[in-house]
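Structure, as structure tokens:
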Amino acid sequence: MTDPDREQPWADLGLKADEYAQIREILGRRPTSSELAMYSVMWSEHCSYKSTKVHLKQFSEIPQETPVGKMLAGIGENAGVLDVGQGYAVTFKVESHNHPSFVEPYQGAATGVGGIVRDILAMGARPVAVMDPLRFGPLDAPDTARVLPGIVAGVGGYGNCLGLPNIGGEAVFDATYLGNPLVNALCIGVLRHEDLHLAKASGVGNLVILYGARTGGDGIGGVSVLASETFDADGPAKRPSVQVGDPFMEKLLIECTLEIFAAGLVAGIQDLGGAGLSCATSELASAGDGGMHVELDRVPLRDSTLAPEEILMSESQERMMAVVEPADVDAFMAICAKWDVEAVVVGEVTDGDRLLIDWHGERVVDVPPRSVAHDGPTYHRPYARPSWQDALQADGAEALPRPATGAELRETVLKLVASPNLCDKSWITDQYDRYVQGNTVLAQPADSGMIRIDEETNLGVSVSTDCNGRFAKLDPYSGAQLALAESYRNVATGGARPLAISDCLNFGSPEDPDVMWQFAEACRGLKDACLELGIPVTGGNVSLYNQTGETAILPTPVVAVLGVIEDVTKRTPTGFQSAGEVVFLLGETREELSGSEWANVVHGHLGGKPPVVDLGAEKALAELLVEGVGLLTSAHDVSDGGLAQTLVESALARDIGVIVTVSGDPFVALFSESAGRVVVTVDHSDAERLQELAAKHGVPAAALGVTGSDAIDVDGQFALPITEARAAWAATLPSILGG
Amino acid sequence: MARVVVDVMPKPEILDPQGKAVLGALPRLGFDGVTEVRQGKRFELEIDGELTEARLAEVNEMAEKLLSNPVIEDYAVTVVA
């Protein structure tokens, strides 16, 4: 027995003095080491959202319905579930796995994919596709050469082994991500309405079954240590403890779990992710109507030397926990045996209100489950508009020297097309299986990823993820709205109706009032935008402490928007499809260059105010794009890099050039990054119909020119042959990353 | 000339999916009684010239930087001949 007077290692476990005192108060005694372990992981920033929940709660003020119906499960579940019609529901969620991916890029990224797939699976849905928004340091930095190939291989390795298509995402480079890459992982799942399952432990006498991989020493303390502290801080508990993923085990877990659902054998279910058994037992018990009793020594171990607190904190991958009626246990076990998945009854639902855990007959945990899972500390962290914000906003990019001649514009286009954020990303996306399962309709480099979910009716869903962290730095409120607006627009560009968002909020240290202000502003921006667009936040994730030393990353609120399309065969493709079609620019172009790729690449400049957000215009544009399905022969969003980049990408899609005439200052027309714009094409005979449609929705539509020829030809300025544009666009990643 | 062997193994606490797959396959092929399989890799290096302390230190550096992933693997350097 341990000496009861000895100081407990609460500080090493990441708890603050007042948190430790609160635990003692809840229990009315000194916690056992197992209880201390549970509270420390569950009250960590990563699990408890203690710094952010005061801001996140405004998302639940948004009406929990989408433009086509009510949400079937909302924020607070493992993932939100949306009705998409025809009896189908879709669930999607984006999460971060940033810090583990810095420590061990391959396994960190791989287990990030595995974790989000299990979240989706726990809702009763079949995972159908994944996406990965990634952020790295400068492309030519030595550490990028270490982390990027590993992360990309990890995302591909795990997802490809599962047989899940990777249909999009982002790869963005900025100096602030050096030493703190962002690996966000998104998964989309499909289910029938009646198959929805929620995480709760109900029904006294029901049994608690742990199934899947054995428990080892993976990621012990990872959730509180890896995710909540920076790397350069020293301390005994800071050792990286790397989780290793086994995608073949996960595949068995998926099929096994779906068969168990289909047989109606679960009363409640929860995946094991961060905080492992601590999280699963306390969350299941606190969501149910009774208590829970677990015999921890029944947990199958990979390493027999593990102590009970280590078992409770272990983040071994590919595990699930189910609550099953006693009469169904044999059938449950038979399905697990069929799939070669180890399953053990570890406990039962009790009529008390405590979570009780025993270890070889000794009680090691006796706690109110809510106090672990939900009643963690809430911080009202101080936040204030940074003292440097005004100076940053006053330093607009509009004053920077600009290209003046046609030849200079041409050089600028080439330079931007080859820049890391705008260049061809196929070096990355070619490592992912984008078409496995045969339901992928759109994938990189299209504006959104689109998946068919019914082979008879061709019902489909589409998802895009976006964030321009430079805009968010200049103004986090409108930067977050711009991320949402771009993602929303990208979904509509393919012809899908945007329904809901999931967000992954990546920020620096919440202990820095500047960062906390960025976070608060971003949340406020997202809430206001969701209210105006009439779409809910279905869930998401917050990742804090993303910084190297004192330098925080660019505030990076990645926003994923999901949309529905009734017939995927009618979607609008990205990029020019044939010659002789009329090209229109929809939306209004203003002189907005601050935070643009032009300012970034040509001048290394970040200052000024980001483009104006006009959500009314975004909504009207989206309605036009959805109604224009069938009329529009192609559509491509205008965002990073401005109209020039959109024209080049549209031309490169099928090697079909374009001749355009731009009005006003050609530099502004080509490089401004005004939001709410899309380049569309229509058949020559449909030009008038398009103008009528635009007028109906109040969207400005300017005829730009005609597709055809073998160059991007800006009348009176320059002609850039497609071959030359392609060479510049495609060379960047291979020349630095090899291959 | 000297031959140096570098054995690389996943650290004991790290999950080894390859070893697990082999462990699963053995009884299916009728081989019973194996309770644990860990799979690693072996590098045989032919070193030019005399194997000095400095050269051996360099081999350790190779093992650390290229042949193993020290975050999840251990290595052992053995001089064979």
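Since every read-out is calculated from the coordinates, none of them should be taken as a lab result. Keep in mind that what you see is a predicted model, and the values were worked out from it rather than measured. Note that we place each Cβ from the backbone using ideal geometry, even for glycine, and neighbour counts take in every protein chain shown.
For the pair residue A:61 and residue A:394, what calculated FRET efficiency results from E = 1/(1 + (r/R0)^6), where r is the Cβ-Cβ distance and R0 = 35 Å, to the nearest 0.05?
0.55
Taking a ≥ b ≥ c as the square roots of the eigenvalues of the Cα gyration tensor of segment A:582-739, is the shape rounded (a/c under 1.5), prolate (a/b larger than b/c) or oblate?
Working: a/c = 1.80, a/b = 1.23, b/c = 1.46.
Oblate, because a/c is 1.5 or more while a/b does not exceed b/c.
Mean residue ellipticity at 222 nm from the helices of chain A, using -39,500 (n - 2.57) per DSSP H segment of n ≥ 4 over the full residue count, to the nearest 500 deg cm²/dmol?
Details: 24 runs with 255 residues, N = 739.
Helix-only estimate at 222 nm: -10500 deg cm²/dmol.
Using 1/(1 + (r/R0)^6) with R0 = 30 angstrom and r between the beta carbons of residue B:79 and residue B:36, what's the FRET efficiency to the nearest 0.05?
0.55
Using only atoms on other chains, find how many Cβ atoms lie within 10 Å of each Cβ of peptide A:302-308 and report the average.
Mean partner shielding for this stretch: 2.
Within 10 Å of each candidate Cβ there may be at most 16 other Cβ atoms; applying that plus a DSSP loop requirement, which GluC sites (Glu not before Pro) in segment A:390-461 survive?
Working: sites: A:398, A:408, A:411, A:455, A:456; in loops: A:455, A:456.
Sites meeting the loop and neighbour criteria: A:455, A:456.
For a quick check: with amide H placed at 1.01 Å from N, whose amide H comes under 5 Å from residue A:291's, ignoring anything fewer than 5 positions away on the same chain?
So residue A:291 has HN proximity to A:350, A:351, A:352, A:354.
Answer rounded, prolate or oblate for segment A:198-373, using the Cα gyration tensor with square roots of eigenvalues a ≥ b ≥ c: rounded when a/c is under 1.5, else prolate when a/b is larger than b/c, else oblate.
Taking the square roots of the gyration eigenvalues as a ≥ b ≥ c, segment A:198-373 is oblate.
Tell me the label-point distance for the pair residue A:524, residue A:436, using the 7 Å Cα-to-Cβ offset, in nm and rounded to one decimal.
For the pair residue A:524/residue A:436, the computed spacing is 4.5 nm.
Once you charge only the Cβ atoms, +1 for Lys and Arg and -1 for Asp and Glu, what is the size of the charge dipole of chain A about its Cα centre, to the nearest 20 debye?
The dipole magnitude comes to about 200 debye.
Taking beta carbons within 10 Å but only from partner chains, what does the mean come to for residues B:64-74?
Across B:64-74, the average partner-chain Cβ count within 10 Å equals 2.
Viscosity 0.890 mPa s, temperature 25 °C: give me the Stokes-Einstein translational D for segment A:352-402 in µm²/s, with Rh taken as the Kirkwood radius over C-alpha pairs.
Taking Rh from Cα pairs, D becomes 148 µm²/s.
Using a simple spin-label model with points 7 Å from Cα along the Cα→Cβ vector, what separation in nm is obtained for residue B:48 and residue A:305?
It is 4.3 nm.
Can you order the peptides A:321-329, B:59-67 by their average number of other Cβ atoms within 10 Å per residue, highest first?
Per-residue Cβ counts within 10 Å, averaged per peptide and sorted highest first, yield A:321-329, B:59-67.
Compute log10 of I(q)/I(0) for segment B:2-79 with the Debye formula, placing one identical point scatterer on every Cα and leaving out solvent, at q = 0.24 Å⁻¹, to two decimals.
Treating every Cα as an identical point scatterer, log10 I(q)/I(0) equals -1.03.
Where Rh is the Kirkwood radius over the Cα pairs of chain A, the temperature 20 °C and the viscosity 1.002 mPa s, what D in µm²/s does Stokes-Einstein return?
It comes out at roughly 82 µm²/s.
State whether segment A:643-695 is rounded, prolate or oblate according to the following rule on the C-alpha gyration tensor (a ≥ b ≥ c being the square roots of its eigenvalues): a/c under 1.5 gives rounded; otherwise a/b larger than b/c gives prolate, and the remaining case gives oblate.
It comes out oblate by the Cα gyration axes.
Other chains' Cβ within 10 Å of B:14-22 residues: what's the mean?
Taking the mean over all residues of the peptide, I get 6.
With axes computed from alpha carbons, what is the tilt in degrees of helix B:17-28 against the longest principal axis of chain B, rounded to the nearest 10 within 0 to 90?
Helix B:17-28 and the main axis of chain B meet at about 50 degrees.
Could you pull the Cα extents of segment A:442-522 along its three principal axes, largest to smallest, in whole Å?
53, 20, 18
Report the calculated FRET efficiency for residue A:456 and residue A:695 (r = Cβ-Cβ distance, R0 = 35 Å), to the nearest 0.05.
Values: r = 37 Å, r/R0 = 1.06.
Step by step, r from the Cβ atoms, then E = 0.40.
Measure off 7 Å from each Cα along the Cα-to-Cβ vector at residue A:579 and residue A:685, then give the distance between these two points in nanometres to one decimal.
Each label point lies 7 Å from its Cα, and together they span 2.1 nm.
Distance from a point 7 Å along Cα→Cβ of residue A:550 to each backbone N in segment A:387-424: keep the residues under 19 Å and list them by number.
Inside the label zone: A:387-392.
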